[in-house]
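Following: one structure in structure tokens, then a few remarks.
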Amino acid sequence: MAGIVSYGAYIPYYRMPRSVINVAWGRGGGRGERAVAGYDEDSISMSVSAGIDCLKGTDPKTVDAVYMATTTPPYLERQNSNIVATALDFRRDVRNTDFGNSLRAGVNALQAAVEAVAAGSLNKVLVTVADMRLGAPAGEHEQSFGDGAAAFLVGNEGVAVEIEGSYTYSDDLSDYWRRDGDTFISQWEDRFGRDEGYNKIPVEVVKGVLGKLNLTPKDITKACIFGANARAQAGIARAMGFTPEQVQDPLLDSVGNTGTALALMLLVAALEDATPGERSLLVSWGNGCDAVVLKATGEIEKIKDRRAIKRHLAVKGTLDNYGKYMQWRGLVPTPSRGGMRVSMSAEWRERQLGLPLYGVKCLNCGTVQLYMSGSSMRAHICLECQAKDNFEPYRFADKTGKTVSFSHDFLGGGINPPMTRAVIDFEGGGRGLFDMVDRDPEECKVGLPVEMTFRKVPLGVGSSSYFWKCKPVRE
Amino acid sequence: MQSIKDRVAIVGMGCSKFGERWDMGTEDLLVESTSEAFEDAGVKSEDIQAAWLGTQNQMSGQILAQAIKTEYIPITRIENFCATGTNAMMDACFAVAAGIYDLVLVAGVEKLKDSGVGFLTGGGGQPSAQTAPGVPPPAQFALAANRYFYQYGLSYEEGKQMLAKIDVKNHYNGSLNPKAHFQRAITEEQAINAPMQAFPLGLYDCCGVSDGSAAAIITRPEIAKTMRDDYILVKGLGLGVGAQQGSLRDYYDFTHFDEAVYASRMAYEQAGVKNPREEIDVCEVHDCFSITEAITMEDVGFSPRGMVKNDIDNGFFELSGDGPKVNTDGGLKCFGHPIGASGIRMIYEVYKQLQGKADKRQVKNVRLGMTHNLGGQPGSFTGAISIWGTRD
């Protein structure tokens with residue numbers, strides 16, 4: 001039987017208090033904070049981060065596809081999910097697909113994955129859902145939006161959450177839209193979207209799915225309802241027949257409206273607390289509505305070690321500077337110091353080294369090495385025994401390490417100075433020099449434990465690429 | 001394997017003023033240094049049979065031919081990071097020692113101040129598969145500083161003070177040198193309180209980014225004797241190129257630079273130096289950062305491992321000190337660091353010291369002088385050493 005085998009999530013380290021935005025625009029007040037993706041993060045990197053959380057304990061080579069959903073794909077032409085799959089070290093014969101263009105894309109991807117597994121076409125599908133939508137400066141959405149991601153592994157063995165049924169309205173009622181070339185989200189008069197859309201359609205769809213499954217609102221433990229606004233969300237939950245205790249907190253004061261990822265992040269939060277037999281309801285919104293009823297099995301107890309929502313919420317640093325936010329999002333011009341020049345052909349040639357972060361283990365002497373010259377990561381000769389081309393691939397992305405030394409660069413500090421770098425020794429051997437992110441410079445010292453995180457690398461040739469950085473382990 | 005000792009002589013040298021030479025380009029700088037060298041050696045451009053050019057940013061030897069207008073002589077361009085200049089000198093020495101040429105010009109040059117920014121840009125080159133971001137030199141060498149402090153139990157304050165004393169010494173020496181980029185003495189407090197560049201390295205812990213050129217005329221000793229009395233002789237040349245041993249081996253601890261250790265062993269063996277702490281009179285080292293000078297004192301055997309702080313505290317390496325006088329011309333810190341020129345600039349100072357022509361910086365009774373370069377970054381360097389002595 002097809003269902004959810006594992007879940008994971010990602011919330012960027014940086015949170016910006018809404019009061020910081022208001023101060024920048026000469027206003028007072030501001031409730032809570034919003035998650036802000038780092039200058040080196042985007043929907044691809046956040047999908048990888050959520051995927052890592054979700055795949056804890058799963059051999060990446062056993063996954064058959066990535067279904068990646070986002071309305072903010074870094075590439076309009078180039079399969080974004082392929083980059084996610086390569087970074088996560090999936091096989092080459094995987095069937096990746098990008099989902100997008102609607103806030104329902106996340107739930108669409110999950111449903112498509114469940115159906116592909118149920119049909120026997122694929123055995124394991126990783127669904128990633130990430131968004132980092134831009135609201136116009138000084139506008140409401142700049143404050144209300146947040147960045148984040150969720151991930152689900154869909155399979156037919158060890159199912160922790162069964163999908164009992166779903167119901168969908170597809171409807172071109174477009175309260176929000178963004179055309180090709182638009183930087184910011186546009187919105188029709190909010191009263192239209194609210195009164196004719198959000199307040200009516202999800203209520204009918206939920207009634208539809210409960211009726212179809214012969215359930216009542218009392219059968220649902222947690223309702224995970226997309227909500228751009230807490231009051232409106234509470235209003236439709238009431239109309240659906242749920243008590244406030246049944247409604248999953250919409251994360252709006254701590255993360256913000258994460259677009260297509262929001263309802264699925266709420267589902268992850270609900271599953272973190274779910275016990276076997278409990279039902280959750282997933283409700284999406286955007287050009288229609290999906291409602292999905294899910295039921296936890298006994299397997300749910302085995303996947304409680306995910307960072308998911310709670311642990312990610314707890315690990316944070318404050319971004320108390322609106323100027324930095326504008327710079328990170330590219331909304332103000334930033335002086336260029338010349339980018340690196342990564343060659344598409346050379347990057348492709350070494351796709352099994354850089355993106356999944358592979359070094360080598362010598363089959364002759366057993367030495368583990370992560371070779372990174374100025375131009376290549378492909379090793380031929382073992383430094384210790386001189387054996388030629390006698391290696392097996394050895395992955396470093398999934399290893400933790402300890403800091404051998406570090407530096408804080410104020411001169412070439414980049415977009416979030418100082419730029420911290422660390423030499424790290426990996427558990428099990430191997431060494432590398434990496435940028436360190438999501439760190440407080442004060443906490444950096446010799447011996448600091450770190451883990452790897454997949455990030456965007458700015459380039460000077462109009463493309464963009466990705467590489468791994470390190471960050472402090474915080475658990 | 002043969003030793004290079006006493007097989008090549010320098011009979012003339014020149015060095016441009018180093019600094020921000022806004023009015024001078026690469027060719028102008030080459031003309032400035034080579035003119036002085038020709039005059040010093042008493043030869044003309046047309047007497048030169050071959051030349052070696054050390055430069056990082058110019059792509060061929062043609063720039064030297066074009067600058068000084070030679071007629072179809074062999075000119076080889078050498079690049080080996082910050083050891084470029086010394087490497088050019090080495091290869092030229094080998095050609096002369098082999099008897100292939102009698103009179104050879106060696107020049108080093110770099111025009112860094114046309115890049116539009118106040119730091120080394122590096123990079124460029126061909127697009128590659130490498131998506132790991134490049135790390136600028138201050139951040140690379142700060143890795144060594146933080147680890148050195150940790151390894152030998154120095155607090156941040158103690159470590160900063162040790163480095164500040166190096167800065168003060170080199171600034172003082174630079175203040176005695178009219179060709180230096182920076183000619184102002186500083187205090188320990190200024191060094192310690194200067195703006196941070198790459199923690200823990202402050203402004204005065206980092207060398208200058210300068211334009212400059214230096215040149216030498218070399219020949220075999222029997223010819224040198226016919227040209228002047230105070231020529232100097234090569235005693236040893238060492239070059240150690242890293243294969244990223246330090247970046248790959250997790251037992252490497254960033255408190256020593258083995259490429260320089262190997263290069264110095266080669267040069268000491270050729271020169272017959274048994275106890276460098278006692279035998280070397282003056283030494284120009286690659287103080288791209290103050291921590292590099294500190295570690296180098298241990299790498300080349302002037303101070304025992306972990307003990308350089310004692311020698312620094314005692315003023316051992318100062319002009320008035322009891323040990324080898326280190327960076328008498330102000331070093332990279334104050335003379336400046338035009339990459340390809342630096343190695344030959346160092347030899348220029350050693351040449352002047354051995355001849356007794358170093359003016360206010362002159363050290364007494366100099367018999368043996370040494371130069372040291374490190375190109376690259378902790379983890380993978382090109383290390384170069386040259387040792388020079390007075391004629392018998």
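The values are calculated or read from the model by the stated rules, or taken from the named source; none is laboratory data. Being a predicted model, the structure only gives us computed values, none of them experimental. Neighbour counts are summed over all protein chains in view; Cβ atoms, including those assigned to glycine, are modelled from backbone coordinates with ideal geometry.
What to note about this one:
- The residue list A:294, A:331 contains one member that is within 30 Å of residue A:174 (Cβ to Cβ) and modelled with pLDDT under 95, which is A:331.
- Just one of the numbered conditions (1) in contact with a helix residue (DSSP H, G or I) (Cβ under 6 Å, 6 or more places away or on another chain); (2) at pLDDT below 95 is not true of residue A:454: (2).
- For segment A:433-446, the tally of residues that are of a type outside the set (Asp, Glu), more than 7 Å from chain B (Cβ to nearest Cβ) and part of a loop (DSSP other than H, G, I, E, B) stands at 4.
- Residue match in segment B:64-71 (condition: at pLDDT 95 or above, surrounded by 17 or more Cβ atoms within 10 Å (Cβ to Cβ) and assigned to a strand (DSSP E or B)): no
- Check on residue A:215, at pLDDT 95 or above and part of a helix (DSSP H, G or I): no
- Within segment B:310-350, tally of residues that are part of a helix (DSSP H, G or I) and more than 21 Å from residue B:109 (Cα to Cα): 4
- Residue match in segment A:370-383 (condition: in contact with a Leu (Cβ under 6 Å, 6 or more places away or on another chain) and without any contact (Cβ under 8 Å) to a residue 24 or more places away in the chain): yes
- Of all the listed residues (B:309, B:364, B:325, B:333), the sole one being over 20 Å from residue B:182 (Cα atoms), of a type in the set (D, E, K, R) and either touching a strand residue (DSSP E or B) at 6+ places or on another chain (Cβ under 7 Å) or in contact (Cβ under 8 Å) with a residue 24 or more places away in the chain (or both) is B:309.
- Residues that are of a type in the set (Gly, Ala, Ser), in contact (Cβ under 8 Å) with a residue 60 or more places away in the chain and either out of contact with any helix residue (DSSP H, G or I) (no Cβ under 7 Å at 6 or more places or on another chain) or outside any strand (DSSP E or B) (or both) do occur in segment B:291-299.
- Taken together, A:86, A:71, A:58 contain a single residue that is crowded, with 22+ Cβ neighbours inside 10 Å, β-branched (Val, Ile, Thr) and assigned by TED's automatic domain parsing to the domain that holds residue A:114, which is A:71.
- Unique residue being facing another protein chain (nearest Cβ under 10 Å), on the phi > 0 side of the Ramachandran plot and within 27 Å of the chain's Cα centre (by Cα) when the list is A:430, A:414, A:359: A:414
- In the set B:185, B:144, B:180, B:191, only one residue is in the same structural domain as residue B:288 (by TED's automatic domain parsing), under 27 Å from residue A:433 (Cα atoms) and at pLDDT 95 or above; that residue is B:144.
- Residue A:28 vs. criteria free of Cβ contacts under 8 Å to residues at least 60 places away in the same chain, within 21 Å of residue A:122 (Cα to Cα) and assigned to a loop (DSSP other than H, G, I, E, B): no
- Any chance residue A:405 is within 9 Å of chain B (Cβ to nearest Cβ) and more than 22 Å from residue A:474 (Cα to Cα): no
- Qualifying residue in segment A:322-335 (condition: surrounded by fewer than 20 Cβ atoms within 10 Å (Cβ to Cβ) and within 14 Å of chain B (Cβ to nearest Cβ)): yes
- Check on residue B:254, away from chain A (no Cβ under 14 Å) and either among the aromatic types (Phe, Trp, Tyr) or within 17 Å of the chain's Cα centre (by Cα) (or both): no
- Of the residues contained in segment B:327-334, one or more are found to be among the polar types (S, T, N, Q), in the same structural domain as residue B:252 (by TED's automatic domain parsing) and under 24 Å from residue B:254 (Cα atoms).
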